[in-house]
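See structure below.
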Amino acid sequence: MQYLAWRAVLSRSAPRRGLAGIAFPKPPPSGVAALASRGLLSLTGPQATEFLHNITSARVKASDGIPPPAGIYAGIFSPQGRLQYDVFLYPLRGSKLQQEEDGYLIETDHDRLSSLEALVKKYGKFSKIKARVLSPDEASVWHAWDDSSSLPNLGPTDQRIVLKDPRAPGLGCRVIQLNNQAPEVDLDASSEAAYIVRRYLHGVPEGPEELPFDEAMPIENNMDLMNGIDFHKGCYLGQELIIRTRHRGQVRKRLLPCVIYGKDKAIVSPQSLAYNGDDASLGSIDASMIPTGTSIGPYDKRRPAGKWIKGVGNIGLALCRLEIMTDVRISEATPSHRPESSAADFSLEWGEEGKESMRVKAFVPQWLRDGLQAR
């Protein structure tokens with residue numbers, strides 16, 4: 001694909017802020033999509049590894065003879081332990097951009113690249129590092145997936161960096177193209193809209209609209225279970241609160257994928273997590289129309305069961321109280337708060353005096369259930 005052609009695809013497939021009115025197709029079994037909502041910051045210099053190790057929640061330095069991974073998912077937190085940036089870190093070794101021994105690309109939300117650059121320069125004022133935002137001509141972010149294979153032919157070259165997405169099994173691979181072309185892979189061309197649907201079906205949040213800046217609690221948003229926090233490394237920004245939350249062991253809320261469906265009581269609640277962009281039971285309502293922060297009302301409205309985050313079609317993400325909205329128990333020593341009635345008791349109401357409403361059901365993906373049981 002030539003430069004102008006893939007730039008056109010990048011522009012068309014970029015569901016920027018505000019999702020209402022955008023067509024979100026069902027993801028194909030295999031595909032590759034340009035992610036215009038993500039951008040890249042170059043960080044080089046003899047102290048780049050040390051700096052990233054100290055500022056992110058990931059182990060970036062080699063430890064006890066174990067080298068760091070080829071690519072890393074991590075968070076950059078505030079001193080109060082709130083998420084500021086969800087990032088991927090890509091070492092430049094072996095790529096055409098490697099000009100010094102130590103160098104990385106940092107991927108984050110495109111609209112927050114400038115503020116991340118400012119933060120890096122602020123904290124790295126006395127470190128031997130250099131930071132700059134890369135243009136799409138220099139490097140671009142893509143995501144590739146194939147439900148029938150592990151993408152064995154999608155390997156790194158001097159023109160691209162490849163990272164198996166560690167956030168959830170089967171999600172796919174991140175591909176960083178270091179030229180003005182699309183990845184040369186035998187996969188169908190897809191769109192960022194399809195990638196978003198795929199993320200929601202896996203229960204994976206991304207970017208400041210789903211992980212609100214300076215508000216999101218990393219563990220409540222599953223960063224610990226998405227391999228985004230190394231609990232065995234040294235200090236980093238916000239570590240004290242993160243460690244305290246983990247060892248207290250009472251994380252009662254988790255970000256979960258949800259299905260919305262019609263408020264008519266005759267409609268049976270869905271039994272599986274599946275995407276339907278044209279669900280007739282929704283009428284003119286779409287999940288993208290539900291305001292972020294809308295409370296999920298349980299059988300007892302004095303205690304909200306959760307909070308809606310973001311969605312498209314009939315699916316989305318919500319911060320849910322596990323013992324109310326799911327069958328997950330936090331501790332055997334505490335009674336379950338789950339009502340005896342069906343999941344149809346959970347609803348979303350918004351607009352003037354709750355004019356608009358939908359019912360909602362949360363699902364616990366197997367990877368998240370396994371992670372919770374292993375804690």
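The values are calculated or read from the model by the stated rules, or taken from the named source; none is laboratory data. Note that this is a predicted model, so its numbers are computed, not measured. All Cβ positions, glycine included, derive from the backbone under ideal geometry; neighbour counts span all protein chains shown. When the accessible area is computed, the model is the full protein with side chains, heavy atoms only, and any ligands, DNA or RNA have been set aside. Shrake-Rupley method; radii C 1.70, N 1.55, O 1.52, S 1.80 Å.
Before moving on, here are some points about what is shown:
- Condition met for Ala118 (assigned by the TED database to the domain that holds Ala74 and surrounded by 14 or more Cβ atoms within 10 Å (Cβ to Cβ)): no
- Residues being within 24 Å of Met223 (Cβ to Cβ), assigned to a helix (DSSP H, G or I) and touching a residue at least 60 places away in the same chain (Cβ under 8 Å) - total across region 240-286: 4
- Only one entry of Pro304, Pro298 meets the criterion of being outside the structural domain of Phe213 (by the TED database), surrounded by 14 or more Cβ atoms within 10 Å (Cβ to Cβ) and in contact with a His (Cβ under 9 Å, 6 or more places away or on another chain), and that entry is Pro298.
- Some residue of region 172-184 being in contact with a helix residue (DSSP H, G or I) (Cβ under 9 Å, 6 or more places away or on another chain), over 24 Å from Ala318 (Cα atoms), outside any strand (DSSP E or B) and open to solvent by 30 Å² or more (accessible area, probe 1.4 Å): yes
- Scope region 332-353; condition open to solvent by less than 30 Å² (accessible area, probe 1.4 Å) and modelled with pLDDT of 50 or more; matching residues: Pro339, Phe346, Ser347, Leu348, Trp350
- Positions within region 125-157 being in a loop (DSSP other than H, G, I, E, B), under 29 Å from Ser115 (Cα atoms) and open to solvent by 20 Å² or more (accessible area, probe 1.4 Å), in sequence order: Lys125, Phe126, Ser127, Lys128, Ile129, Ser135, Pro136, Asp137, Glu138
- Residue ID - nearest to Asn227 (Cα to Cα), chosen from residues in region 158-171 that are of a type in the set (A, V, I, L, M, F, W, C) and in a loop (DSSP other than H, G, I, E, B): Ala168
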